[in-house]
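Have a look at the structure below, then the notes.
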Amino acid sequence: MNNQARIAGVGMVPFTTPSKAQTYDVMGEQAAKAALADAGISYDRVQQAFASYIYGDSCSGQKALYRVGLTGIPIINVNNNCGSGSTALFLARQLVESGAADCVLAVGFEQMQRGKLVQHWIDRPTPFVEFDGLVEEIQGVDPVAPMAAQYFGGAGREYAERYGIEAETWAMVSVKARKHAANNPYAAFRDPVTVGEVLASTRISGHLTRLQCCPPTCGAAAAVVISEDFARRNGLRTDVVIRAQALVTDTPEVFEDKTMTQVVGYDMSKRAADLVYETSGVDPEDIAVAEVHDCFTTHEVLAYEALRLTPEGTAEKFVRDGDNTYGGRVVVNPSGGLLAKGHPIGATGLAQCAELVWQLRGQASGRQVEDARLALQHNVGLGGTAVVTLYESLG
């Protein structure tokens, strides 16, 4: 399709811990400039911009992008929880494919605080009040453990009860993440870990230990989304296209089925993936590389099945056989994923985009996936949203 959006440029800054990070506006500026330089255009060619973040005051997007330039373009701030970065990309793609704009910038950033996520607005209902009520009804609530870990730990417990899975298998996901991250200069945590070390780290909730939970990190990433016509008129690259993309939210089943698997977005992920496969005509077997939302080892394992990378109930064999890494069925999270790269929430979806664009261009250096032509991205925000994106190399 001639109106399919192209990714002309991507950029990001190395993710790091809060104590070492620059401020959000500096990180956002650097990522945006890197994406523009990669695309080979100046900021004054950008017609609109979307800025994603969740921990910041209104117009933080303007604060970051005003450092790039004061061009008067529309700048729209996006907050869709952990799916914010991919939501910004979704909006940019829609603008380009509709013909409303030819060149759109999506930038995401987050200046995280140390420790577990906390609610900042305590004088009003949290968007999670119904979800928290479900968790309490299904499994009870630990007043000490981080709530997010209770969500995903509970989903892991349900999966183990339904299909059976050894503790070592969960831990192998973290080991794989660190192994991949060793070749990624943008990842915050690159030192290897063993299964024993993962299992021996502090228990957080359920089967989840500290090394099975993504750390709070700071960072930024960006993508320049253009039309084919704009690329042709300006001599820009058109070799990476968004072949299909779907954004979905929760349905009544999440409150009716009363399962932790539904609460953490399994059904959203599956519906988004099915829409992408149906729209594109691509078979999951054809996917060579994927960046999935591994905020916890549980979520990566569930994603294997929700995205149809392996049949339901077979995720343990998928992990044990090495089908989630180099030499296997599909390389999952060559960047190291959220578990090792880190999870600066507003930046995550666009960092996944950057990694997959580099993979499809053959620019991923020591973590390059051989013969990668189709790449799948999976980004989820509880509360909720799920975004699945399929990229294709036309080169």
### Summary
Projected onto the charge dipole of the chain (unit charges on the beta-carbon of Lys, Arg, Asp and Glu, signs +1, +1, -1, -1), the Cα from Gly153, Gln377, Thr259 with the largest positive-side position is that of Gln377
### Spin-label proximity, Arg210 to region 324-353 - amide N less than 20 Å from point 7 Å beyond Cα toward beta carbon
338-344
### Query
What is the distance in Å between the Cα centres of region 259-291 and region 48-112?
25 Å
### Query
Among all lysine pairs in the chain that are eight or more places apart or on different chains, how many have alpha carbons less than 30 angstrom apart?
27
### Message
Between 0 and 90 degrees, rounded to the nearest ten: what's the tilt of helix 147-163 against the longest Cα principal axis of the chain?
### Response
60 degrees
### Query
Where the only charges are on Cβ atoms (+1 Lys, Arg; -1 Asp, Glu), what is the dipole of region 117-170 about its Cα centre, to the nearest 20 debye?
120 debye
### Query
In square angstrom, rounded to the nearest 10, how much accessible surface does Ser280 have for a 1.4 Å probe?
20 Å²
### Query
How many Å³ per residue does the convex hull of the Cα positions in region 251-368 occupy?
122 Å³
#### Entry: Solvent exposure ordering (accessible area, 1.4 Å, most first) of Ile345, Ile54
Ile54, Ile345
### Query
For helix 297-306, what angle does its Cα long axis make with the longest principal axis of the chain, in degrees from 0 to 90 and rounded to 10?
70 degrees
### Assigned charges on the beta-carbon of Lys, Arg, Asp, Glu; region 62-169 dipole about Cα centre (debye)
640 debye
### Query
What percentage of all Cα-Cα pairs in region 268-314 are separated by more than 11 Å?
67 percent
### Query
Put a dot 7 Å past each Cα toward the Cβ at Ser98 and Asp286; how far apart are the dots in nm?
2.8 nm
### Query
Roughly how big is the chain's charge dipole about its Cα centre, with Cβ charges of +1 (Lys, Arg) and -1 (Asp, Glu), in debye to the nearest 20?
1340 debye
### Query
Label points 7 Å out from Cα along the Cβ direction at Cys59 and Phe255: separation in nm?
3.6 nm
### Message
Shape verdict for the chain, please, from the Cα gyration tensor: rounded (a/c under 1.5), prolate (a/b greater than b/c) or oblate.
### Response
prolate
### Query
Which Cα, out of Tyr277, Thr238, Ala64, lies furthest along the positive dipole direction of the chain (beta carbon charges, K/R +1, D/E -1)?
Ala64
### Query
When Rg is the radius of gyration of the Cα atoms in region 111-247 and Rh is its Kirkwood radius, what does Rg/Rh come to?
1.08
### Task
Taking every Cα atom in region 169-310, find the radius of gyration and the maximum pairwise distance Dmax, and write them in Å.
18.4, 57
### Query
Looking at His120, Thr297, Val193, which one has the Cα that reaches farthest to the positive end of the dipole of the chain (charges on Cβ: Lys, Arg +1; Asp, Glu -1)?
Val193
### Query
When only the heavy atoms of the protein chains count and the probe is 1.4 Å, how do Cys353, Cys213 rank by accessible area, highest first?
Cys213, Cys353
## Note on the structure
Expressed in nanometres to one decimal, the distance between label points 7 Å along Cα→Cβ at Leu70 and His120 is 2.6 nm
### With Cα atoms, 0 to 90° folded angle of helix 167-181 axis to the chain main axis
20 degrees
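The values are calculated or read from the model by the stated rules, or taken from the named source; none is laboratory data. The shown structure was predicted, so the numbers you read here are calculated from the model rather than taken from an experiment. Virtual Cβ from ideal backbone geometry, glycine too; neighbours counted across all protein chains shown. Side chains are part of the model used for accessible areas, which takes the heavy atoms of the whole protein and leaves out ligands, DNA and RNA. Shrake-Rupley method; radii C 1.70, N 1.55, O 1.52, S 1.80 Å.
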